[in-house]
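Colleague: Before we start, here is the structure in question, set down as structure tokens.
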Amino acid sequence: MSKLNGMVTCFHCGDECLDIKIEQDEKSFCCHGCKTVYDILHENDLGYYYDLESTPGTSPNSIEGKFDYLDNTTIAEKLLEFNDQNFQIVSFTIPSIHCSSCIWVLENLNKLQKAVQTSQVNFPEKTVRITFNAEEISLKELVILLSRIGYEPTISLEDSQKKKKEYNRSLTYKLGIAGFAFGNIMFLSFPEYFEVQEFWLDQFKHVFRWLMFAFSLPVVFYSGRGYFISAYKGLRSGFLNIDVPIAIGIAVLFIRSTIDIFFDWGSGFFDSLTGLIFFLLLGKFFQQKTYAFLSFERDYKSYFPIAVTRLLRSKSGLISEEQVEVYEISKGDRLLIRNNEILPVDAILIKGNALIDYSFVTGEAELVRKTSGDKLFAGGKQQAGILEVEVLKPISQSYLTQLWSNEAFSSEKPNLFQSLTDSISKRFTIGVLSIAVIATVFWLLVDPSKAFNVFTAVLIVACPCAIALASPFTLGNMLRIFGRNKLYLKEASVIEHMAKVDTVVFDKTGTLTTHKKNSITYEGILLSEEEIVLLTSSLRASNHPLSRALYAILDKNNIQTLDAFEEVTGKGISARQNGMRLKIGSKAFVEKDISIAAPISSDNLAKTAVHVSSNDDYKGCYIFQNKYREGVSEIFETLHRGSEVIVLSGDNEGERERLEQLLPKGTELYFNQKPDDKLEFVKNLQQLGKYVMMVGDGLNDAGALKQSDVGIVISEDINVFSPACDGILDASRFQYLTSYLQLSKKAIKIIKWSFILSLAYNLIGLSFAVTGNLMPVVAAILMPLSSISIVVFTTLATQYVSRNLK
């Protein structure tokens, strides 16, 4: 039996045993689902699962009828990677994979089901790839098996159009070739560096030089090809980017070195040439940090179901059900929407009591009640019972889908720092060429034999390798530091944009507030002990979200079996025990049999509340208020010192007074903002010259996140759905948001200091070059030294400035 602070916790999943406690084998379980998983694993000799990690599992959800659409072979085939009659291969995303126990049990599925041949887990991407015998187990049965043991796959509309990921490994190959050649050329160059006088070395000196030439060919013409292409495109477009001086340096190094060995003037600079390209590619590789387990380009397809239940009426009037892909739905179709299912289309409610959660679409936290004849919008999740609806528009024409047709989703954000690097490159290139020409003219007049060497030496030593490395290594380091502290950015260039932010726009619901906690207060006549026991017992039997939230904070002692219980979907609960009758629910439901109207403050009319009456006497109400995240006030105070801060909310103005008390004076608050209103608001700020960061969490923020210069999503679970964005911040690190912005600004300062350090190295190198004293050994030392010093400086500097980010 596990205990945490005196509370009994579940042996399987680690959650507190609040509602019930099931004991078996001297172990406690919070629900029958966890106990069932425990039994399944032990019956199949998989008990080692619990030895690898403490409480490694997750409590399985109810799956009755949830995966019936997999009986449709058309839908099932779209999920398969390989299908050869007997054997099929499928990959699933399973967000609950989190530890070594998860990997072990999923890779031993064949012990649970003999039809499974192999199963391989990709832990970083949280996926499992399963090969199975389709004659012995269907895809639906396989998904149900995974769900029963607590590893329910996430299957969405996006999976029906799933394309195989293609990984571009060309940079890795180029880096490998450059590194191999660099090492070998350095080895072959040692006798030349130290002018070793040895008979056999002298005999094979020319062989070594031509070997160095051979090693350099693939480096220049394959590994370094990208710099020549970029330089050509830049010149053709009329501007000097950073790759122009790099390409000049590479070309001059290769030509000068080839001439040196051809005429037997020396060993050339092949070591410096390959080292230059190797370090440049290393910088690119270092900056190319990605988080494979996260997706930064999600849209509504990642949120919508892959299939839905369509109702068919025969000529005789009989109604049957079929599972169809959502793209096959057309106007006029009748659909069946079950509890906790998402409506994928705009529709009219025909039958059932609708209690719709639109929070992820509109930002409105309160559940919306709808009756027959009302219009329902795509993206809402039904929270109470079964609905029958008639489709108004197919999925491609729904309100939510139209949001993705906005031009904001097709535009790319500019690379700001590249323009600064290129502006430096322009001056650098002109300066170097000017020095090279002046020095050459001088030596043509003084000593013509040195003119060619001086001209090429200036172009060789002044190659802006260190300048080119400053940005990728600084931003790459910072990207990793952010990742370790649970801010996962799409790419390193996002840090550059963060450093420019002067306006921060926050969504409220789910961003400033947390979905996991509510602040609940009671207003009214104190309930007696008997009434509290009846209230707790009644709430325990209800699945309504508000009932569960209220039940979680009440005392669980003396819970009794009820004499009568009735739950009116979307309205409330009526319960009776030992002659006492309690009604719990909406104001209208509780007041129905009361002669005197419930006294409720006008301030609370806009707030979510659960009302209570006992024996037809009104008692009071529990007021539900959003629980704001820790550090909200401090974040706004810090941001106010240097930025404009705005809150946009899809909610009504019920929280205005509380927000005004919580946030600093001057914070702009806007309520009742629809998704397209938020997008236009951000666009208007940008037209005023503001550099905007949008912080949100749901589909209702998707347009604004994409339109903004920096879009950051706050997520309680980084592995579940989040809209298209530039970065995902784990909600547990929300209070460090301002620290991330400050570190971004410091990163840009580090890059600028690196430019100054690089300039110092170039001045030292030029002093050797213009005097005609640049020997291969000097170049071999100076050029790698400048690159390595920049790498060391940026690494130490980024670690130092981020030392307090714990």
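Colleague: Once both labels are modelled 7 Å past Cα along the beta-carbon direction, what's the residue 563-residue 338 spacing in nm?
Modeller: Placing both labels 7 Å beyond Cα along the Cβ direction yields 3.6 nm.
Colleague: Any chance you could run the full-extension gain for residue 764 through residue 795? It's 0.36 nm times the residue separation minus the Cα-Cα distance, nm to one decimal. It would help to have the intermediate numbers written out before the result.
Modeller: Details: separation 31, 0.36 × 31 = 11.16 nm, distance 2.32 nm.
Answer, rounded to one decimal: 8.8 nm.
Colleague: Next question, about the same structure. Rank 611, 640 by accessible area, highest first, at a 1.4 Å probe radius? Please list the in-between numbers first.
Modeller: Values: 611 10, 640 60 Å².
So, going from the largest accessible area down, we get 640, 611.
Colleague: So what does residue 449 come to for accessible area, using a 1.4 Å probe and Å² rounded to 10?
Modeller: Using a 1.4 Å probe on the heavy atoms, I get roughly 90 Å².
Colleague: So how do 232-241, 309-318 stack up, highest first, on mean other-Cβ count within 10 Å?
Modeller: Details: 232-241: 13.4, 309-318: 10.8.
Result, highest mean first: 232-241, 309-318.
Colleague: What does the C-alpha gyration tensor say about the overall shape of region 609-653? Classify as rounded when a/c is under 1.5, otherwise prolate if a/b is larger than b/c, or oblate. Can you show the working numbers first?
Modeller: Numbers: a/c = 6.21, a/b = 3.24, b/c = 1.92.
Note, shape of region 609-653 comes out prolate.
Colleague: A further question on this structure: What part of the accessible area of region 238-291, given as a whole %, is carbon or sulfur when the probe is 1.4 angstrom? List each step's numbers first, then the result.
Modeller: Working: 1310 of 1920 Å².
Here carbon and sulfur together make up 68 percent of the probe-accessible area.
Colleague: Using DSSP to define loop residues, name the GluC sites (Glu not before Pro) in region 112-160 whose beta-carbon has at most 12 other beta-carbon atoms within 10 Å.
Modeller: Values: sites: 125, 135, 136, 141, 158; in loops: 125, 135, 136.
Sites meeting the loop and neighbour criteria: 135, 136.
Colleague: Just list whichever of 490/752; 331/375; 393/683; 331/571; 490/706 have alpha carbons separated by over 19 Å in the model shown. Please report the intermediate quantities before stating the final value.
Modeller: Working: 490/752 23 Å; 331/375 14 Å; 393/683 29 Å; 331/571 31 Å; 490/706 13 Å.
From the list (490/752; 331/375; 393/683; 331/571; 490/706), the Cα-Cα distance tops 19 Å for 490/752; 393/683; 331/571.
Colleague: Averaged per residue, what accessible area in Å² does region 430-513 show with a 1.4 Å probe, protein chains only?
Modeller: On the way: 2560 Å² over 84 residues.
In whole numbers, region 430-513 has 30 Å² accessible per residue.
Colleague: Nearest 0.05, what FRET efficiency do residue 672 and residue 141 give at R0 = 56 Å with Cβ-Cβ as r? The partial results should precede the final answer.
Modeller: Values: r = 47 Å, r/R0 = 0.84.
Calculated value: 0.75.
Colleague: Using a 1.4 angstrom probe on heavy atoms only, work out the carbon and sulfur share of the accessible area of region 60-162 in %.
Modeller: On the way: 2030 of 4750 Å².
That fraction is 43 percent.
Colleague: Can you give the charge dipole size of region 426-558 about its Cα centre, rounded to the nearest 20 debye, using +1 on the beta carbon of Lys and Arg and -1 on the beta carbon of Asp and Glu?
Modeller: Numbers: 14 positive and 10 negative charges, 121 e Å.
Computed about the Cα centre, the dipole is about 580 debye.
Colleague: Right, here's the next one. I'd like the Karplus ³J(HN,Hα) series for region 128-138: coefficients 6.51, -1.76, 1.60, θ = phi - 60°, whole numbers in Hz, and an x wherever there's a Gly or Pro.
Modeller: Residue by residue, region 128-138 yields 10, 10, 10, 9, 9, 8, 5, 6, 9, 8, 8 Hz.
Colleague: Assuming R0 = 45 Å, can you tell me the calculated FRET efficiency for the pair residue 98 and residue 615, based on Cβ-Cβ distance, to the nearest 0.05?
Modeller: Details: r = 49 Å, r/R0 = 1.09.
Given R0 = 45 Å and the Cβ-Cβ separation, E is 0.35.
Colleague: Which trypsin sites (Lys or Arg not before Pro) from region 655-714 combine a DSSP loop assignment with at most 13 other Cβ atoms within 10 Å? Provide the component values of the computation, followed by the final result.
Modeller: Details: sites: 656, 658, 665, 678, 683, 690, 706; in loops: 665, 690.
Those satisfying the criteria are 665.
Colleague: Now for a separate question. Quick check: Cα centre of region 647-672 to Cα centre of region 447-471, how many Å?
Modeller: 60 Å
Colleague: Please compute the length gained on full extension between residue 652 and residue 314, using 0.36 nm multiplied by the number of residues separating them and subtracting their Cα-Cα distance. Don't jump to the answer; show the numbers that get you there.
Modeller: Working: separation 338, 0.36 × 338 = 121.68 nm, distance 4.50 nm.
That works out to 117.2 nm of additional length.
The values are calculated or read from the model by the stated rules, or taken from the named source; none is laboratory data. Owing to the predicted nature of the structure, the values given are computational and were not obtained by experimental measurement. As a convention, Cβ positions derive from the backbone with ideal geometry for all residues, glycine included, and neighbour counts pool all protein chains shown. Side chains are part of the model used for accessible areas, which takes the heavy atoms of the whole protein and leaves out ligands, DNA and RNA. Shrake-Rupley method; radii C 1.70, N 1.55, O 1.52, S 1.80 Å.
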